[in-house]
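The values are calculated or read from the model by the stated rules, or taken from the named source; none is laboratory data. Please read these numbers as outputs of a predicted model, since none were measured by experiment. Neighbour counts run over all protein chains shown; Cβ positions are idealised from the backbone, glycine included. SASA here: full protein model, heavy atoms, side chains in, ligands and nucleic acids out. Shrake-Rupley method; radii C 1.70, N 1.55, O 1.52, S 1.80 Å.
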Amino acid sequence: MADGDLTARVAPSIGSLPAAQWDALAGPGNPFMSHAFLSALEDSGSVGPGTGWAPVPLVIEDARGTMLAAAPCYAKGHSQGEYVFDHAWADAWERAGGSYYPKLQIAAPFTPATGPRLLLADDAYAAPLLRAVELLCRQQDFSSAHATFVEPAQRALFERAGWLARSDIQFHWENRGYAEFEDFLAALASRKRKAVRKERAAAQEGVTIRALRGAELREEHWDAFWLFYQDTGARKWGTPYLTREAFTLLGERMAERILLVLAYEDGQPIAGALNFIGDEALYGRYWGCLVDKPFLHFELCYYQAIDHAIALGLQRVEAGAQGGHKLARGYEPVQTWSMHYIADAGFRAAVADFLEREREGVAMDRLYLGGKTPFRRGD
């Protein structure tokens, strides 16, 4: 496709694109849009043949071949690993005689973390990029395109192109200028503050906790974490999304943006939580354990994340999808957004009606949950 002096093309993979140009568009703030992260998923076999995630990154280039815009697109044969659930849409379209799959996904695979989904040298390139996405859907008979966990600043770019907005709720921790964890505790109601202290004490009893980053990360640590990740993945999804090699490649390519928290008992690793470090946020991604120790999940995933976010001067912790239990640990309800292009006009109208009613329910849920946070009131 050509748009004036611009050309849109589908690349064979993100790894095939110049890393410097991709990262210049993605910016430094979000680790999951980096060339290092996305190419590691490809090179490790976590996405690609046999996974239902076929990389089809779309780029806009000028006459000299310089990338001016890009979108991390994937042709999907299922709806797994997305965390924005459209199974009911698929069922409805199939019952109506349509084929929902394949569809197009614009996302960081397996990663329910907010971030840019249109990587732009300038916002003016959003419109031609989205036109190219829609053309790709028509050419390849994709039923739809879905951009998930879109950062709020980009929502208007999609809406101007006529994409449908869908909202949901996550729980994020906000750093209100805390110098240490005790400052955060001081902001909680007395009963909640005591509960957090009891949970941390119980979780840490008989356990040594180590936080590893950069050159401290070694293969032995990834071997241990792989066991934890497999256990959680097998219980939640049936098959873990990431391969073992993915962790090695992530450690090699972006170790300074990784924070791995491991718990040891009698010198042996028993549990771990993997976080990624952005410019503004700490992103909690994976957790797993080999023993059942009360509150260890909360300690490694939530309280340790708060500790390190404060130490790193970050504005928030994004602890992943779902999980109302995060509310009592100081994580507050935040609205998240996904944007959707539906090729068929009739199906699009039905989805638009559904989304309008769904957004009303999500807004009510967020209002209710906002009144249940553990912070002091009326001070």
Could you say whether any residue in the stretch 75-89 is surrounded by fewer than 18 Cβ atoms within 10 Å (Cβ to Cβ) and of a type in the set (A, V, I, L, M, F, W, C)? yes
Quick test for you: out of A127, A63, pick the one residue that is in contact with an Asp or Glu (Cβ under 9 Å, 6 or more places away or on another chain), over 18 Å from P240 (Cα atoms) and modelled with pLDDT under 95. A63
Criterion violated by G370 - all others in (1) at pLDDT 95 or above; (2) over 28 Å from L260 (Cβ atoms); (3) small (G, A, S) satisfied: (1)
I need a count of the residues in the stretch 16-43 that are more than 12 Å from P72 (Cβ to Cβ) and open to solvent by 10 Å² or more (accessible area, probe 1.4 Å). 12
Test for G370: is it open to solvent by less than 60 Å² (accessible area, probe 1.4 Å) and without any contact (Cβ under 8 Å) to a residue 40 or more places away in the chain: yes
Here are some residues: A305, A319, A350. Which one is at pLDDT 95 or above, within 25 Å of I106 (Cα to Cα) and aliphatic (A, V, I, L, M)? A350
Which residues, counting only those in the stretch 297-350, are among the aromatic types (F, W, Y) and over 16 Å from F171 (Cα atoms)? Y341, F347
Within the stretch 323-344, track down each residue that is open to solvent by 10 Å² or more (accessible area, probe 1.4 Å), touching a residue at least 60 places away in the same chain (Cβ under 8 Å), of a type outside the set (A, V, I, L, M) and in contact with a Phe, Trp or Tyr (Cβ under 9 Å, 6 or more places away or on another chain). G323, G324, R329, E332, P333, W337, Y341, D344
Considering W222, W226, which residue is closer than 30 Å to W53 by Cα and in contact with a Lys or Arg (Cβ under 7 Å, 6 or more places away or on another chain)? W226
Cross-chain or 6+ apart pairs with Cβ under 7 Å, the stretch 285-314 first and open to solvent by 30 Å² or more (accessible area, probe 1.4 Å), then among the polar types (S, T, N, Q) and modelled with pLDDT under 95: W287/T232
Would you be able to say whether some residue in the stretch 49-64 is touching a residue at least 12 places away in the same chain (Cβ under 8 Å), part of a loop (DSSP other than H, G, I, E, B), more than 18 Å from the chain's Cα centre (by Cα) and farther than 30 Å from W226 by Cα? yes
State all residues of the stretch 307-336 that are over 20 Å from F32 (Cα atoms) and of a type in the set (A, V, I, L, M, F, W, C); if no residue qualifies, say none. I310, A311, L327, A328
Taking the stretch 137-156 as the search range and keeping residues that are farther than 13 Å from Y341 by Cβ and of a type in the set (A, V, I, L, M, F, W, C), which one is most open to solvent (accessible area, probe 1.4 Å)? A153
Is one or more of the residues making up the stretch 173-181 among the hydroxyl-bearing types (S, T, Y) and under 20 Å from the mean Cα position of the chain (by Cα)? no
Of the conditions (1) modelled with pLDDT under 95; (2) farther than 23 Å from T114 by Cα, Q80 clears all except one; give me its number. (2)
Of these, G77, G97, G81, which one is small (G, A, S) and free of Cβ contacts under 8 Å to residues at least 12 places away in the same chain? G97
Lone qualifier among Q139, Q154 - being within 17 Å of P55 (Cα to Cα) and either in a helix (DSSP H, G or I) or modelled with pLDDT under 95 (or both): Q139
Report, ordered by the first and then the second residue, all pairs with beta carbons closer than 7 Å, sequence separation of six or more or different chains, a first member in the stretch 143-156 that is touching a residue at least 60 places away in the same chain (Cβ under 8 Å), and a second member that is open to solvent by 40 Å² or more (accessible area, probe 1.4 Å) and among the aliphatic types (A, V, I, L, M). S143/A343; S144/A343
Does any residue in the stretch 345-361 that is within 15 Å of G162 (Cα to Cα) come within less than 7 Å, Cβ to Cβ, of a residue that is open to solvent by 60 Å² or more (accessible area, probe 1.4 Å) and among the β-branched types (V, I, T) six or more places away or on a different chain, and which pairs are these? none
Residue check, P28 against (1) within 19 Å of L118 (Cβ to Cβ); (2) touching a Ser or Thr at 6+ places or on another chain (Cβ under 7 Å); (3) not aliphatic (A, V, I, L, M), all met but one. Which one? (2)
